[in-house]
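See below for the structure under consideration.
Just so you know, all these numbers are worked out from the coordinates, no wet-lab data involved. Just so we're clear, the structure is a prediction, and the values are computed from it rather than from any experiment. As a convention, Cβ positions derive from the backbone with ideal geometry for all residues, glycine included, and neighbour counts pool all protein chains shown.
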Amino acid sequence: MTEAASGRSTESVPSAGLWLATLQRLAGRAAHEVKNSLNGVAVNLEVVRSRAARPGAAADAVARFAESAGEQFDRLSSQTEALLWLAREPREPCDVALVAASLHALLGSVMLAGRGEPVLSLEPAGDSAPTAVPGETVRLVLGEVVLAAIEQGLPVRVRVDAGGDGARVFVCGAAPTMSLPALPPAVETFAQEGGVGVERNGAMLTLTFAAARR
């Protein structure tokens, strides 16, 4: 299939190759979380089934297990929807806030070993944050930020701000003195060459994505 037939522009091909590798790693990291959610649903539903089958079973004997199954199913649904959304070809202009929210839905339940706190915390975004930067590049950069935090065991907080001059993503360590995870040099170089501003100021990493054209 030619690029014209597939609907892809020539300039999107390098980011597509890099993004595919990143998506595979994200899916690998998410597999454990998805399986945990699925197992939670299965175990709680089995308890509901077995207890409800007992003669004269009271509703309160299964209520908390049914509620737990529902919570696990909601999490599983969010994780599945996020993974499918990230795997699909992005719509342009890309919404930076939606990319961040999808990554959080997929991997926000990853906990630091021995510390019981999430690796990734996301502050709610007030508005959409469209950008002229191709969607695959946005997903690549933010996905690598999340992967770096997980792989280096460093908890980070993320905030997305929309503005007239573009969308900004602020990444900081959970503690003021905590160093930030480093992006792979190839990804950082590609991001800067693709028009993404990368600035480090102490414990803060700021990514700036050019505003979408009107």
Worksheet item: Mind checking the angle between helix 13-52 and the chain's longest principal axis? C-alpha axes, 0 to 90 degrees, to the nearest 10.
Response: 10
Worksheet item: Can you give the relative contact order of the chain as a percent, counting alpha carbon pairs under 8 Å and 6+ residues apart?
Response: 18
Worksheet item: Around residue 40, what is the net charge, scoring Lys/Arg as +1 and Asp/Glu as -1 over all other residues with Cβ under 10 Å from its Cβ?
Response: +1
Discussion item. Under a crude label model (7 Å from the Cα following the beta-carbon direction), how far is residue 61 from residue 112 in nanometres?
Written reply: 4.4
Discussion item. If R₀ is 22 angstrom, what is the calculated FRET efficiency for the pair residue 213 and residue 170, using the beta carbon separation as r and rounding to 0.05?
Written reply: 0.40
Discussion item. Taking every DSSP beta bridge with both residues inside the chain, roughly what % is antiparallel (nearest 5)?
Written reply: 90
Worksheet entry | Label point at residue 128 placed 7 Å out along Cα→Cβ; residues across region 88-104 whose backbone nitrogen lies under 16 Å | 90-102
Worksheet item: Expressed as an acute angle from 0 to 90° and rounded to the nearest 10, what is the orientation of the C-alpha long axis of helix 135-152 relative to the principal long axis of the chain?
Response: 60
Worksheet item: Fully extended, how many nm does the chain gain between residue 77 and residue 206 (0.36 nm per residue separation, minus their Cα-Cα distance)?
Response: 43.4 nm
